[in-house]
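Shown next, in structure tokens, is the structure this report addresses.
The values are calculated or read from the model by the stated rules, or taken from the named source; none is laboratory data. Please read these numbers as outputs of a predicted model, since none were measured by experiment. So basically every Cβ, Gly included, is an ideal-geometry build from the backbone, and we count neighbours across all protein chains shown. These area figures cover heavy atoms from the full protein model, side chains too; ligands, DNA and RNA do not enter into them. Shrake-Rupley method; radii C 1.70, N 1.55, O 1.52, S 1.80 Å.
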Amino acid sequence: MAATRQSGFDDPFYQPADQFFPANNKLGLTFDDITLATLYSEILPRDTQLDTQLAEGLHLNIPVISSDMDTVTESRMAIAMAANGGLGLIHYNMPERQQLSEVSRVKNHVHGLIQEPITVAPDQLIGDVLKMIEERKFAFGTFPVVDDKGKLVGLLSGHVVKPRYAKRKVADALTPRAQVHTIRQKELGKDPIAKADKFFTEHLGIHKLLVVDDQDKLRGLFTMSDIERIAQERNAQFKPARDAHFHLVCGAAVSATRNAFGELDRERILTHVGGLVERGVDVVAVSTAHGFSKGVGDTVKVLRDAFPKLPIIAGNVTSAAGVEYLADCGANAVKIGQGPGSICTTRIVAGVGIPQMTALYVSSRAAAKKKVAVLADGGITKSGDIIKALTLSQAVICGGIFAGCNEAPGDVIEIGGKLYKQYRGMGSLAAMKAGSAARYGQPVNPTQKVAAEGIEALKEACGSVDRVLAQLIGGIQSGMGYLGAANLAQLREKARYIRVSPAGMREAAPHDVVELKTGN
Ligand code: XMP
């Protein structure tokens, strides 16, 4: 038993949170200021469970959320996060209508179903199709054929998309509608992948299944190779985060919008959130830099009254009093973090904010009392930071770690042979001009003087969210193995901390060697 593997010699050095943080109450501590002591373990990293409950009805399979920032989370990022078991918060630096459609895209996304397949028209020439494949660098050559109203006319098979047929019309080469395998959209049911999988098993040699609506308009396309890949993924340890109807989960940020008289614009907030709820949003985040404020509290109250069951995240705060206030207003989860973010200048500009581990400790104690979840927001640069944050929180929110991913909004920029993506603070001048000024309590009119609390930056392009998350999750599981924690509750319970000296910090990173990279 683990209890018999403890030694009293450790106790004065490696202390649990309720001893360690009060003993260090004169100093604000962040991730690199502390390290976690290892414990006797019978837990293998790969057997650890990472699921987390943020509110009733909001369960994630990994405790990682992508930030509601305009260079981090739109529908593509939110789909990738949820597909990996996490959550994306769609930012609000866009017209409300657009945010609604971003949420719809996530909620209607069927993993494995290509919802807007590339189509061709019957009167096109095969030569035109070849040109399109060449220009748009498609790796496939089979296309549904639709008329000008979107109705399915047939399927153009890759076997006939050849230069020798270049002068022939698509209409002469297509497999006619009657011979094309289709399924009605409404027959897809709760588990469309299982439906498609069964279809491909029963129909020898057929690799495409088209989805149509009652008017025979094309609504999507399944390919056998996608379905096979997903069937393999189903055995993966971390399943997609889904709602009760099997749709991916999705969050959206909202602001404490004010009217021309500076009063909370209740009607507009309710209409906006009503629209999000109609689209199936799983959680809204009332996101501001100063969550311990009347505007944010009142917004949460208005939403709680109107939508009693809707999970609400609110923030940001860094004090127990802030957590208690937002919990009393009706929030289910509170974002902790003021100024730790990689693009933040709040601490420099406004002189406020608390280093993240101290802020998390203080907040987590109030949160436990109020039965709300704590979300550690900002400042995370490596998986070791995540494991430290998770000793005091239910999930982490990351911006910079995901901003270089393919799924983040924005184009890749090449500079000196290296690839980058833009990443900016929501309090940077550029982002505030695009709409986020209210989040920082700054004038919304761009001609007025504003004080930026964030910078514009670049992140090195880092590939897919799948890849980045795989590395982070590997690190989290490894940390849990070292602490003998089978799940996140055990991690919170077992963690013991010690301060690290500057020399200890240097010792923690590779040192006195020239690093080689031969494994990439
Ligand atoms: P990371 O470290 O993951 O931080 O890049 C992302 C978090 O930073 C917050 N955020 C800001 N904070 N000024 C700030 O002081 C800003 O301009 C700004 N923009 C984002 C936000 O909480 C985000 O999740």
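Here's the yes/no breakdown for (1) closer than 21 Å to Leu87 by Cα; (2) part of a helix (DSSP H, G or I); (3) out of contact with any Gly (no Cβ under 6 Å at 6 or more places or on another chain); (4) within 14 Å of the ligand (Cβ to nearest atom):
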site	(1), (2), (3), (4)
Thr299	no, yes, yes, no
Ile313	yes, no, yes, yes
Ala321	no, yes, yes, no
Val334	yes, no, no, yes
Gly353	no, no, no, yes
Lys369	no, yes, yes, no
For the range 1-115, please list each of the strands (runs of 3 or more DSSP E) lying entirely inside it that holds at least 3 residues being more than 27 Å from Phe307 (Cβ to Cβ) and in contact with a strand residue (DSSP E or B) (Cβ under 7 Å, 6 or more places away or on another chain).
-> 34-36
Condition met for Glu460 (within 28 Å of the chain's Cα centre (by Cα) and open to solvent by 40 Å² or more (accessible area, probe 1.4 Å)) | yes
For Leu100, indicate whether it is surrounded by fewer than 22 Cβ atoms within 10 Å (Cβ to Cβ) and within 23 Å of Asn316 (Cα to Cα).
-> no
Considering only the range 507-520, state which residues are open to solvent by 100 Å² or more (accessible area, probe 1.4 Å), under 32 Å from the mean Cα position of the chain (by Cα) and closer than 20 Å to Leu36 by Cα.
-> Pro510
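Can you say whether Glu135 is among the acidic types (Asp, Glu) and surrounded by 13 or more Cβ atoms within 10 Å (Cβ to Cβ), as far as the supplied structure shows?
Considered against the rule, which asks whether it is among the acidic types (Asp, Glu) and surrounded by 13 or more Cβ atoms within 10 Å (Cβ to Cβ), Glu135 comes out as no.
Residue-wise test of (1) modelled with pLDDT of 95 or more; (2) in a helix (DSSP H, G or I).
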| residue | (1), (2) |
| --- | --- |
| Ile118 | no, no |
| Val129 | yes, yes |
| Glu134 | no, yes |
| Phe138 | no, no |
| Gly141 | no, no |
| Leu152 | yes, no |
| Leu155 | yes, no |
Answer yes or no as to whether Lys198 is part of a loop (DSSP other than H, G, I, E, B) and either open to solvent by 70 Å² or more (accessible area, probe 1.4 Å) or touching a residue at least 12 places away in the same chain (Cβ under 8 Å) (or both).
-> no
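Might you let me know whether the range 155-163 holds any residue that is more than 32 Å from the chain's Cα centre (by Cα) and surrounded by 24 or more Cβ atoms within 10 Å (Cβ to Cβ)? Walk me through how you get there before you give the answer.
Applying the first criterion (more than 32 Å from the chain's Cα centre (by Cα)) to the range 155-163 yields 155-163.
After this cut, where a residue has to be surrounded by 24 or more Cβ atoms within 10 Å (Cβ to Cβ) as well, the list is 156.
Yes, the range 155-163 contains a residue that is more than 32 Å from the chain's Cα centre (by Cα) and surrounded by 24 or more Cβ atoms within 10 Å (Cβ to Cβ).
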Taking Pro308 as the residue in question, decide whether it is more than 20 Å from Ala83 (Cα to Cα) and not in a strand (DSSP E or B).
-> yes
From the residues in the range 201-227 that are basic (Lys, Arg) and more than 23 Å from Arg242 (Cα to Cα), which one is surrounded by the most Cβ atoms within 10 Å (Cβ to Cβ)?
-> Lys208
Return yes when Leu29 is more than 30 Å from Leu429 (Cα to Cα), touching a Ser or Thr at 6+ places or on another chain (Cβ under 6 Å), in contact (Cβ under 8 Å) with a residue 60 or more places away in the chain and of a type in the set (A, V, I, L, M, F, W, C) and no when it is not.
-> no
Wholly within the range 383-440, helices (runs of 4 or more DSSP H) carrying at least 2 residues that are near the ligand (Cβ under 10 Å from one of its atoms) = 400-403, 429-433
